[in-house]
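Before anything else, here's the structure in question.
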Amino acid sequence: MVVLVGLTTQRHSDLRRITAWWRGLGGDGFVVLPPPTRSRYTQSHGHEDAAELFAARGVAEGASFAYWHWQSHAAFDRSGALTGPLYLHWGGDHATVAAGLGEGPPGYRIVSGGPQGAFQLDRLTERDADGLPDPQDEAGVRQFLDRIGASRHHGAGRGGPAPLTDAEEHWLHDRLAGPVEPTAAHRFAAALELREALTPDETSRLLAAWQEEYAGRLSAWPGWWPVLNALLRQEREEAWDVAAALGPASADTLAEHPSERALAALRATVLAGDDRAVPAWFRTHRTLHEPDPLAAARTLSEELPARAAAQAALLTALRTAVTQDWHTAHPDADRGAAQAYSALTAVQFATDDRLPHPLRVAAAQAAYDQVAHVREKAARLTGIGEAEAFAAADRYEAARDGLLAGTGPDLTGHEGGLCDLWHRYRTLSPADIVWLRAQLADPTTGVQGIAFCLELLHAHGEAGETELLALLPRWKKELTKQYRTTYTEWRHPLVTLTCLALDLAHPAADDLLAWWARPKPLWKAPVGLLTHLGAPDETRAAALWEFVVSGAHDTGHLMTWVLTRARLDGTHPLLVAERLIGEPRIRQHLLHHVLIGVADPAQPLWHYALDPRSRGWWQRAQEVADDPRLSAAARAIGLKAASEHYVLRHPDQVRPALTEGERSEARAWLDARAQDLSSNCRLPRDARA
């Protein structure tokens, strides 16, 4: 049986040994933050903690620092044993941090991720003359598998994984000799099957062990891919029962082994309502029946249900296929050229009469932020003339409003995608309002969709009794569940609904407030105060303020207090936030975030921190920096936030992607304020605390 030896006493002390070494670091312009708690969950939290530590210790601004956050801390198991590399994040000067960290504690090593990456701390391990670890050394085995590749997509962009040496392949087969235990064996199996080297006997024993240990829940085993792939490769009948048990998760693997049986299974999955299988269905249909990608897309689009998300998934598959065909014809083209051509496909397909109308609508949505890139790069497009590219852009812009009338984004998609287009809704057109209201009236709209649409309508003053009445029958059953809004620009939908009911003085407000007043469920405890923004009064504002100055974890409370105070005083929330600069009871880094977030009270930004990838946060930072109503200190906060935004530092990470013209405008804007940045952004200590 494949069972790795349990953790040794020495390994139990990984966390203790690393922490003891860590606490001894620091000096010469280098600071280490204490080991994390759950409140330091992201890199943004780490930088906030550094700012607080610097202020408390009187550390000079600009000092270098290192830390790890709670997500990195998952490298330790419950006993404190290191089960993977510990990622050490940092700020300041990379060389200073590297020197401060050194080589790591005895028995460990530190590998630098470069000026744009994290450092990695891991155990030192030994290998034999063939580069193979001791099978009983869990850290050595893990590092070996990481090196050769034991994940499904390892080497996908480089023509596949590197071949194994004879010694490496024999070592892996030895790990699967005899009875196998799925949890311990799956990475050995994956490393072999990536090279199509899993034997029929090994496949059978892995399948039997998998079916025994995960009976009735086969998809719960994360190591299923090598077994299903081997079954399909070996053309074994068991593959189809396994694929059916896995459901949509098996789609890509089925597409890698195209057959009429695979095509039927994928079609059934898609028509049953799972859009994740659409790309695999498209690839398989194209392989077996219609090599022409547009013909294949047309055929499948006519079979697809009316769901916009399904058509969007098919469009993505079509654009990927066409771009891959283009890349095959132009193998020397670089990544930028491929991105430009992909943008052109969306613009062209929106007005291509060979495609059904639902697919052209999906293309019009996708091309919304792409058409400017097509115009800008028309002269540099490979394989298409400049005039043809401009003509495609002209056709798209003439047809866009008609195609997009009565449509909106996929409300079931990832929250990050919805945040990326939040800036489009800074003002609402009459068509936007109609669409948003229709989604709230639709009983199939989920919690995320309700949160998105209700926030926009309420913030813009377009939500009324009709929207409230549409949601009241659903709130107790659907909206009282925990829904995390840490990374969204909108609040929990029940917060927004309560605010709406209060603003309308609707009788339902009493029932909603009574629910918030109950002690359970526990998740609502820190969120309930955010409802005080609805029909605010001095008592509710005072309760908010008491919480804000208590030092408790803020999940939108200062933002809510600023907006509440602004409503009560009849003034702009920027002027309220400005008065708090230097207030000793307010965490100033949090105030800086709120100052930017309330710049437009018709669309406050509720993301937990200033989002450096967001166009909305960039626009707000610019507006604060240039607002003549504000003091020099407040404008300096906006200018500093803008200067640190990815628009200027990492423009390739901004979403939607920037054009070269937008990048140039951003640099020119900052250059025009260079003197202000060098002087005013040196904030007084009470504004930096």
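Provide the three semi-axes, in whole Å and in decreasing order, of the ellipsoid equivalent to segment 321-427 as defined by the square roots of 5 times the Cα gyration tensor eigenvalues.
Values: eigenvalues 119, 53, 38 Å².
Ellipsoid half-lengths, sorted descending, are 24, 16, 14 Å.
Work out, in µm²/s and without decimals, the Stokes-Einstein translational diffusion coefficient of segment 109-242 at 10 °C, 1.306 mPa s, Rh from Kirkwood over C-alpha pairs.
Value of D from the Cα-based Kirkwood radius: 99 µm²/s.
Classify segment 9-123 as rounded, prolate or oblate, taking a ≥ b ≥ c as the square roots of the eigenvalues of its Cα gyration tensor: rounded when a/c is under 1.5, otherwise prolate if a/b is larger than b/c and oblate if not.
Judged from the Cα gyration tensor, segment 9-123 comes out prolate (a/c at least 1.5, a/b above b/c).
Does segment 258-407 come out rounded, prolate or oblate by the C-alpha gyration tensor, with a ≥ b ≥ c the root eigenvalues, rounded set by a/c under 1.5 and, if not, prolate when a/b is larger than b/c and oblate if not?
oblate
Might you report the magnitude of the Cβ-based charge dipole of segment 1-121 about its Cα centre, with Lys and Arg at +1 and Asp and Glu at -1, to the nearest 20 debye? Could the numbers behind the result be given before it?
Working: 9 positive and 9 negative charges, 102 e Å.
Rounded to the nearest 20 debye, it is 500 debye.
Still on this model: Tell me which DSSP H helices of the chain clear both cut-offs, 24 Å or more of axial length from alpha-carbon atoms and a mean Kyte-Doolittle hydropathy of at least 0.0.
308-329
How long are the three semi-axes of the equivalent ellipsoid for segment 209-257, computed from the Cα gyration tensor as the root of 5 times each eigenvalue, in whole Å, largest first?
16, 12, 9
I need the Kirkwood Rh of the chain: take the reciprocal of the average 1/r across all distinct C-alpha pairs and report it in angstrom.
Details: mean 1/r = 0.0346 Å⁻¹.
The Cα-based Kirkwood calculation yields 28.9 Å.
At a 10 Å Cβ-Cβ cut-off, how would you order Phe188, Phe390, fewest neighbours first?
Phe390, Phe188
Treat segment 444-576 as a sphere of radius equal to its Kirkwood radius over Cα pairs and apply Stokes-Einstein at 20 °C in a medium of 1.002 mPa s; give the translational diffusion coefficient in µm²/s, rounded to a whole number. Can you show the working numbers first?
Numbers: Rh = 15.1 Å.
Taking Rh from Cα pairs, D becomes 142 µm²/s.
May I pose another question? Sequence gap at least 6, Cα distance under 8 Å: using those rules, report the relative contact order of the chain to the nearest whole percent.
Dividing the mean separation by the residue count of the chain yields 7 percent.
Another one. In whole Å, what are the Cα extents of segment 376-417 along the three principal axes, biggest one first?
So the three principal-axis extents are 37, 25, 15 Å.
Let me ask something additional. Nearest 20 debye, what's the magnitude of the dipole of the chain about its Cα centre given +1 on Lys and Arg Cβ and -1 on Asp and Glu Cβ?
On the way: 70 positive and 87 negative charges, 331 e Å.
Using Cβ point charges on Lys, Arg, Asp and Glu, the chain gives about 1580 debye.
Now for a separate question. What lysines could a cross-link reach from Lys524, if we take a straight Cα to Cα line under 25 Å and drop same-chain neighbours fewer than 8 places away?
Candidates past the 8-residue exclusion: Lys476, Lys477, Lys481.
Now for a separate question. Counting DSSP beta bridges with both partners in the chain, what percentage is antiparallel, nearest 5? Provide the component values of the computation, followed by the final result.
Numbers: 12 of 16 bridges.
Of the beta bridges lying entirely in the chain, close to 75 percent run antiparallel.
While we're on this one: So which GluC sites (Glu not before Pro) in segment 236-283 pass both tests, a DSSP loop state and at most 16 other Cβ atoms within 10 Å of the Cβ?
Glu237, Glu256
Quick one: grab Rg to one decimal and Dmax as a whole number for segment 415-688, Cα atoms only, in Å.
That works out to 19.0, 57 Å for Rg and Dmax.
Relative to the compact-globule scaling 2.2 N^0.38 Å, provide the ratio for the alpha-carbon radius of gyration of segment 53-102.
In units of the globular-protein estimate, segment 53-102 measures up at 1.39.
Read-outs throughout are calculated quantities, based only on the coordinates presented, and are distinct from any laboratory measurement. Since the structure is predicted, the reported quantities are computational estimates derived from the model, not experimental observations. Methodologically, a virtual Cβ is constructed for each residue, glycine included, from the backbone with ideal geometry; neighbour enumeration extends over all protein chains shown.
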